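The values are calculated or read from the model by the stated rules, or taken from the named source; none is laboratory data. Everything numeric here is computed off the predicted structure, so don't read it as measured data. With ideal geometry, Cβ positions are generated from the backbone for all residues, glycine too; neighbour counts draw on all protein chains shown. Surface accessibility is based on the protein's heavy atoms, side chains included, excluding ligands, DNA and RNA. Shrake-Rupley method; radii C 1.70, N 1.55, O 1.52, S 1.80 Å.
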Amino acid sequence: MKFLHHKLQGVPFNLARHRRGKITPIVVVIHDTASSLGHGDAARYLEDNNAKTSVHFIIERNGAIEQQVPTNVGANHAGRSHYHGLDGANDFSIGIELVNAGRMTKGSSSRTARAWFKTEFDIDDYGIQFIKTPEHGEGWWMDYTEEQMEALMELLHALFDYVPSLKDIVTHWYISPGRKVDTNPLFPLNSIKARILGRDDLITKEADDLSEWSSDGDDLVRIEVPGDQLNMRRWPSFNPNVITQIPKGVVVPVIRAGTFQGRCWFKIQYAGQEGWIVAKYTAEIRASSAGFQPAFEVSF
Ligand SMILES: [Zn+2]
């Protein structure tokens with residue numbers, strides 16, 4: 001999958017009526033359509049409606065993708081929402097709708113669940129489960145299809161390759177808590193985030209298990225990078241997992257040290273976060289050393 005001029009190549013593009021201004025997207029927001037499952041039903045509604053709703057991408061139950069808004073233009077998919085101190089996610093996000101029936105109730109027989117639009121779905125055929133979570137409340141929820149998940153992974157890989165400002169993947173309930181419940185509890189957000197944001201990375205716990213505590217946490221290092229800043233990363237790898245950048249000269253405490261794929265990494269604290277940096281771009285300092293005076297702010 002490739003993008004050209006903000007459009008995914010090789011899939012239908014039907015321009016939505018309701019569009020916003022130019023955006024620099026930093027997150028992808030995943031939604032459920034909470035609609036009938038018929039191929040194109042949700043897409044035709046999102047393309048033109050009187051509710052002023054729109055979205056960038058729709059993924060059908062069979063994995064077919066349709067795009068309706070270019071990736072550098074905002075769409076009306078998130079509504080009232082907040083992300084890490086920013087309000088109004090429509091102006092900094094790309095929306096993807098997965099065709100799904102949304103929250104369902106018990107059906108007229110023990111083998112079915114009933115959607116808000118009155119259709120009943122066979123529990124076994126649609127992988128429906130009763131689940132209660134703090135974020136969703138309780139409900140009967142329809143599983144996503146394998147084809148949808150494969151299409152979503154390909155789309156996310158292509159998006160993160162094409163749009164360098166993208167940093168995170170969230171669900172609608174995460175940015176509009178209490179107001180929205182999509183995606184449903186069966187959506188594998190964590191594994192998708194690990195695969196897209198971390199690619200083949202070790203997850204945090206594995207990286208911790210494979211590294212060792214630094215002595216008492218009072219080991220300090222000064223950032224000594226050839227450029228102006230050093231990338232602090234979520235995991236010890238060069239995949240797209242940069243959390244923030246640390247200016248040259250800053251002194252930081254080392255929490256853990258470990259060797260990953262032949263390279264020595266430090267887990268450090270900086271600006272209230274923990275992350276990994278390449279050890280060779282640091283110079284060792286001992287806090288207890290006589291005459292040590294932090295020339296720069298120490299950020300814990
Ligand atoms: Zn939504």
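Once C-alpha pairs closer than 8 Å and six or more residues apart are averaged by separation and normalised to the residue number of the chain, the relative contact order reads 14 percent. The value of relative contact order for the stretch 1-126, using C-alpha pairs under 8 Å at least six residues apart, is 29 percent.
How much of the accessible area of the chain, probe 1.4 Å, is carbon plus sulfur, in whole percent? Don't skip to the answer; put the middle values down first.
Working: 7380 of 14990 Å².
The computed percentage sits at 49.
Residues ILE30, ILE131 ordered from highest to lowest accessible area at a 1.4 Å probe: ILE131, ILE30.
At a threshold of 8 angstrom on Cα-Cα distance, excluding pairs fewer than six apart, so keeping six or more, what relative contact order does the stretch 205-286 reach in percent?
Details: 170 pairs, mean separation 29.1, N = 82.
Once normalised by length, the contact order is 35 percent.
Distance between the 7 Å Cα→Cβ label points at SER191 and ALA283: 4.7 nm. In whole percents, the pair-distance distribution calculated for the stretch 23-138 from its alpha-carbon pairs, binned every 5 Å from zero, is 2, 11, 18, 20, 17, 15, 10, 5, 1, 0.
If N is the number of residues in the stretch 205-286, what value comes out of its Cα radius of gyration divided by 2.2 N^0.38 Å?
Values: Rg = 11.4 Å, N = 82, 2.2 N^0.38 = 11.7 Å.
Here the Cα radius of gyration is 0.97 times the empirical estimate.
Under conditions of 10 °C and 1.306 mPa s, the stretch 125-211 yields 107 µm² s⁻¹ as its translational diffusion coefficient, taking Rh as the Kirkwood radius over Cα pairs in the Stokes-Einstein equation.
Please give the calculated 222 nm ellipticity per residue for the chain, where each DSSP H segment of at least 4 residues contributes -39500 (n - 2.57) and the sum is spread over every residue; nearest 500 deg cm²/dmol? Don't jump to the answer; show the numbers that get you there.
Details: 5 runs with 43 residues, N = 300.
Helix-only estimate at 222 nm: -4000 deg cm²/dmol.
Debye-formula intensities of the chain, expressed as log10 I(q)/I(0) at q = 0.11, 0.14 Å⁻¹, are -0.76, -1.03 (one equal scatterer per alpha-carbon, no solvent). Amide H contacts under 5 Å for THR282: GLU224, restricted to partners 5 or more places along the chain or on a different chain, H placed in the peptide plane at 1.01 Å from N. Between PHE130 and GLN273, the FRET efficiency estimated from the beta carbon spacing at R0 = 51 angstrom works out to 0.85.
Surface calculation, 1.4 Å probe, protein heavy atoms: ASP218 sits at approximately 80 Å² accessible. Here's the picture: a label point sits 7 Å out from the Cα of ASP122 along the beta-carbon direction, and within the stretch 83-114 the residues with their amide nitrogen under 13 Å of it are 111-113.
Computed with a 1.4 Å probe over protein heavy atoms only, the accessible surface of the chain comes to 50 Å² per residue.
For the chain, DSSP calls about 75 percent of its internal beta bridges antiparallel.
Can you give the longest run of the chain that contains no trypsin sites (Lys or Arg not before Pro) sitting in a DSSP loop with at most 11 other Cβ atoms inside 10 Å? Please report the intermediate quantities before stating the final value.
On the way: sites that count: LYS2, LYS52, LYS118, ARG179.
By the stated rule (loop sites, at most 11 other Cβ atoms within 10 Å), 180-300.
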